[in-house]
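Taken together, the values in this text are just the output of simple stated rules run on the coordinates, not laboratory data. Quick caveat: nothing in here was measured; it's all calculated off a predicted structure. Note: ideal-geometry Cβ built from the backbone for every residue, glycine included; neighbour counts use all protein chains shown.
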C-alpha cells in the first residue's frame with residue numbers, strides 16, 4: 001500500500017518475514033541517462049542505509065533496517081506506528097517542552113557523530129514510548145564542520161517557526177537539549193545559526 005510519493009522516493013507499507021515494514025524505493029529519473037541514474041539511486045540508498053546504521057551506533061533511535069536492495073535502489077525497514085513529533089508538539093501541554101528538549105539531544109547525538117541530517121523537521125521524527133525515532137536520512141551526509149551543523153540546526157529552527165505556534169519556546173528547549181550533548185562545542189554552532197539568519201535578512 002502506497003504511504004507517500006515524493007520527488008525522490010516512494011514509501012509503501014509491506015511485510016518482512018511477517019513483521020510490519022516500510023519499503024522505500026528511489027524513484028527513477030527519466031531525464032537522466034539510465035546508467036547515471038541507476039548509479040546515483042544506488043549510491044544514495046546506500047548512503048541513507050549507512051547513515052541510519054551510524055546514527056543507531058551513536059545512540060539515536062532509527063527504524064530497524066531489514067533489507068537493502070541496491071539493484072532496485074530500495075531499503076526495507078521497520079514500520080513505526082507512532083505519531084510524528086509535529087503532532088505531539090501541536091497537542092501542546094507540559095510534555096511538549098520535554099519532547100522539544102529531547103529533539104535537541106537527538107540532534108546533538110547526530111552532530112557529535114559527524115552526521116548532518118539535511119532535512120530536520122518535526123515531520124521526520126516519530127514519537128514512540130517517550131523517545132524520538134529519526135527517519136528519512138535521504139538528504140544526509142557526514143560533515144563535522146561548524147557551517148554544515150549550523151545549517152542543519154537552522155533548518156530545524158525554520159521548520160519550527162513555519163509549523164508551530166510555540167516555536168520560540170520549542171527552539172529554546174531544543175538549544176538546551178543540544179547543549180547537554182554537545183557541551184561547549186554547541187556555542188560555535190548556535191552562533192553560526194545566528195550568522196545564517198543574519199545573512200538571510202540581507203540577501
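Here are the numbers for this structure:
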read-out	value
Highest average packing first - 117-130, 17-30, Cβ atoms within 10 Å	117-130, 17-30
Angle in degrees between helix 167-182 and the longest Cα principal axis of the chain, rounded to the nearest 10	80 degrees
The stretch 85-201: relative contact order as a whole-number percent, Cα under 8 Å and 6+ apart	34 percent
The chain, relative contact order [Cα under 8 Å, separation at least 6], %	19 percent
Principal axes of the stretch 45-88: Cα extent on each, largest first, Å	37, 22, 15
Square roots of 5 times each gyration tensor eigenvalue, C-alpha, the stretch 133-203, largest first, Å	17, 16, 15
Chain lengthening between residue 5 and residue 91 when straightened (0.36 nm per residue, less Cα-Cα)	28.3 nm
Label-point separation, residue 172 to residue 56 (7 Å along Cα→Cβ), nm	3.8 nm
Equivalent ellipsoid semi-axes - Cα gyration tensor, the stretch 85-201, angstrom	21, 16, 14
Against the rule of thumb 2.2 N^0.38 Å, how large the Cα Rg of the stretch 2-78 comes out	1.14
Highest-MSF residue in the chain out of 74, 34, 86 [GNM, Cα springs under 10 Å]	34
Difference of contour (0.36 nm per residue) and Cα-Cα distance, residue 15 to residue 146	43.1 nm
The stretch 2-78: relative contact order as a whole-number percent, Cα under 8 Å and 6+ apart	28 percent
For the stretch 63-111, fraction of C-alpha pairs farther apart than 17 Å, in %	57 percent
Fraction of the pair-distance distribution of the stretch 1-147 above 22 Å, Cα-Cα pairs, percent	42 percent
